[in-house]
Number of protein chains: 2
Amino acid sequence: MAEDQLSRAFTALADPTRRDIVARLSLGDATPGQLAEPFAMSLQAVSKHLKVLEEAGLISRSREAQRRPCHLETAVLDEMTAWVDRYRRTAEERFRRLDAVLASMDEDESTEDEDPQHEGVASP
Amino acid sequence: MAEDQLSRAFTALADPTRRDIVARLSLGDATPGQLAEPFAMSLQAVSKHLKVLEEAGLISRSREAQRRPCHLETAVLDEMTAWVDRYRRTAEERFRRLDAVLASMDEDESTEDEDPQHEGVASP
DNA sequence: GGCTTTCTCAACCGATTGGTTGACAACAAC
DNA sequence: GTTGTTGTCAACCAATCGGTTGAGAAAGCC
């Protein structure tokens, strides 16, 4: 996934209004007018939010007379969780290994010359 | 999770520099100086990025003489994937149900008075 | 004490963001 | 054709963002 598309996706979901819109669209397609209805802001403002979501690839829009129904696209959501999960798992895997080291040091209490707490700080 | 904390978390990961920092920290704790080294920007700029990450709850910082080693916290990453996954799954579940409807209509080709494409657009 | 290292804070700057209002395009209904 | 509905575009505005430089706090080293 392109670097800046991931940035656009995270930027898009950084706004509570846009997250509300995504939540609404997860239940089914909706027009800008329907999406704007619950918010205390102009239709133009919601239209701008939809543009941000569309440019992030999170929604697509079709035509239907004057209406422009919006549809949630799940592919980019997948790529977002993939990114977040990758580094979360790397970190948690490291924590588990650290715990294992500490446990083995607990078993064998003779060696105390290393400090596993800072294994990541030390220079290569 | 508080609404604005989720906003802070997505905002934090919306910046490529901050995502790089998170990726680096997933491999192990590091000081601001170590984190700034690969970037073509001032240490002060990186320090600002770290503040954003800290306020989002994505990292924590300890003390160690003049050094302030940074540590990746995975809890907020968990909440981010939880949010994204919730709506992705809701949408995909709906798509699967829609496919099932279309398949059953394919079997029984006599009823054509309903248009499942717009099930979400209609008013409640 | 003085000097160096490491890092944060404060002030500033141009670009972007999230909202507004007004104009207007596209289409339906009469 | 005229009117009404739906939505976008353009211009504007205050606030925020991501960077800069300069000053200084906090700790170790001589």
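Would you say A:GLY28 is within 7 Å of chain B (Cβ to nearest Cβ) and not aliphatic (A, V, I, L, M)?
The answer is yes for A:GLY28.
The conditions are (1) touching a residue at least 40 places away in the same chain (Cβ under 8 Å); (2) touching a Ser or Thr at 6+ places or on another chain (Cβ under 6 Å); (3) of a type in the set (A, V, I, L, M, F, W, C), and A:ALA14 fails exactly one of them. Which is it?
(1)
Yes or no: B:ASP4 within 10 Å of chain A (Cβ to nearest Cβ), over 15 Å from the mean Cα position of the chain (by Cα) and open to solvent by 20 Å² or more (accessible area, probe 1.4 Å)?
For B:ASP4, the condition - within 10 Å of chain A (Cβ to nearest Cβ), over 15 Å from the mean Cα position of the chain (by Cα) and open to solvent by 20 Å² or more (accessible area, probe 1.4 Å) - is not met.
Can you tell me which residue in the range A:14-31 is farthest from DNA strand C (Cβ to nearest atom), limited to those that are closer than 25 Å to B:LEU13 by Cβ and assigned to a loop (DSSP other than H, G, I, E, B)?
Applying the filter and picking the extreme gives A:ALA14.
Which of the residues spanning the range B:34-76 are small (Gly, Ala, Ser), within 11 Å of DNA strand D (Cβ to nearest atom) and within 11 Å of another protein chain (Cβ to nearest Cβ)?
Result: B:ALA56, single match.
Filter the range A:32-72 down to residues that are crowded, with 17+ Cβ neighbours inside 10 Å and part of a loop (DSSP other than H, G, I, E, B), then give me how many there are.
4
The values are calculated or read from the model by the stated rules, or taken from the named source; none is laboratory data. No experiment lies behind these values; they were computed from the predicted model shown. Methodologically, a virtual Cβ is constructed for each residue, glycine included, from the backbone with ideal geometry; neighbour enumeration extends over all protein chains shown. What goes into the accessible areas is simple: the full protein's heavy atoms, side chains included, and nothing from ligands, DNA or RNA. Shrake-Rupley method; radii C 1.70, N 1.55, O 1.52, S 1.80 Å.
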